[in-house]
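The next block holds one structure in the form of structure tokens; read it before the comments.
The values are calculated or read from the model by the stated rules, or taken from the named source; none is laboratory data. Everything numeric here is computed off the predicted structure, so don't read it as measured data. Using ideal geometry, Cβ is built from the backbone for each residue, glycine included, and neighbour counts are taken over all protein chains shown. These area figures cover heavy atoms from the full protein model, side chains too; ligands, DNA and RNA do not enter into them. Shrake-Rupley method; radii C 1.70, N 1.55, O 1.52, S 1.80 Å.
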Amino acid sequence: MRKLMTILLMALCAICFGQKTVHFADSIRKAYHIPEISYAVIDSKSTLEIAALGKHSVDLPDTATLNDRFHIGSNTKAMTAFMIAKYVENGKLKWTTKFFDLFPEWKPKSKPEYANITLQDLLSHKAGIQPFQGEDDPKIPNFKGTHQEKRKQFGEFVLTLEPLKTDEQHPFIYSNAGYTLATLMAEKVTGKSWEQLVDLVFNKDLKLNVQLSWPENQKQKDTWGHFTEDGKLQPVPSTFDYHLDYTEPSGDLNIKLKDYIKFIQLNLKGLEGKNNYLKAQTYAFIHKGIPNYSIGWFNIYENGKELSTHSGTAGTYYSLVHIDRLKNKAYIIFTNSFNPDTQQGVRLLMRKLKENYGS
């Protein structure tokens, strides 16, 4: 009886605790003019707290739900890296496979500094590839063909560009284009496109209902991304002519929070030493095998803490994920806007969630 009462008391405390966090999160959402915030705190086995707050669009009355989809921007990198890791495990690739071992015909036209770049270098941003982050990018030729064919042409073009040098102050050069090159390696050895691999690994194998590009919001009620124009949030329909200039593997997936939780829980279980879709040793390498930026995750050691973190945006949504590797907890925040206000609001909410749950 006493044990039952203790469990009930703990459950009631957790409910009250969660309600207070929800009120805080919604006050942040309103103060920083964020149309919708969905967030979760999880461990490897359970969801400790979850909520969806706000509206799909500043111009629509329909309210947030836990079935809403969010574009996750560069948090796609961890998913692309995870997908490629599966083919490393089954022997189709090695982390040390050299790019030009698979594409020797490209080598004569490529810059000689790229001669020995590997899959691992590309996924950890150590290959010196031009960033292609949307600002001051080299002019891209007008490629023709399917998505896969265009990415291939883009990859050939990228390797003709002057490389950037890493040093002590810049131990990695964050590059969306590097993830395109890594994906080309996976496409080469599997005979499948990135889109097909995403569908195979995340939808067919893991049942996560991952979709490409922005959430569909014209045929059904769902989130609209928002950018800022003249100080005002502008909702963006899914029919807007949008593309990532052939760097989709670095940042162009959308997913529901509940499904993304399942993906992060696979990582948490792996970090606890448990094999699942990938082996525990693979998760350890992905998250902390390489200093500063490992494989799809920033690898952070500070103030006695160990974190895997990443943010993501393509200008209309913003997501932030922190994995506390010592406490075995993860904190996930999805929003459907992007500007400095959104970033600040998300930072404050992340700080509050981590304080509440001891990270």
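So the values come out like this:
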{"item": "Restricting region 124-181 to residues that are within 25 Å of L93 (Cβ to Cβ) and among the charged types (D, E, K, R), the residue that is surrounded by the fewest Cβ atoms within 10 Å (Cβ to Cβ)", "result": "E149"}
{"item": "Total residues in region 109-148, condition assigned to a loop (DSSP other than H, G, I, E, B), of a type in the set (D, E, K, R) and within 23 Å of T97 (Cβ to Cβ)", "result": "2"}
{"item": "Qualifying position, being more than 30 Å from K86 (Cβ to Cβ) and either touching a strand residue (DSSP E or B) at 6+ places or on another chain (Cβ under 6 Å) or of a type in the set (G, A, S) (or both), among G358, G312, G296", "result": "G358"}
{"item": "Region 82-104, subset part of a helix (DSSP H, G or I) and more than 16 Å from S294 (Cα to Cα), residue most open to solvent (accessible area, probe 1.4 Å)", "result": "D101"}
{"item": "L53 being open to solvent by less than 50 Å² (accessible area, probe 1.4 Å), in a strand (DSSP E or B), of a type outside the set (G, A, S) and at pLDDT 95 or above", "result": "yes"}
{"item": "Matching residues, region 163-205, being farther than 21 Å from G134 by Cβ, in contact with a helix residue (DSSP H, G or I) (Cβ under 6 Å, 6 or more places away or on another chain) and assigned to a loop (DSSP other than H, G, I, E, B)", "result": "S193"}
{"item": "Counted residues, region 301-327 - those being surrounded by fewer than 18 Cβ atoms within 10 Å (Cβ to Cβ) and in contact with a Leu (Cβ under 6 Å, 6 or more places away or on another chain)", "result": "1"}
{"item": "Strands (runs of 3 or more DSSP E) completely within region 296-346 that count 1 or more residues being within 18 Å of the chain's Cα centre (by Cα) and under 21 Å from R69 (Cα atoms)", "result": "305-312, 318-324, 329-335"}
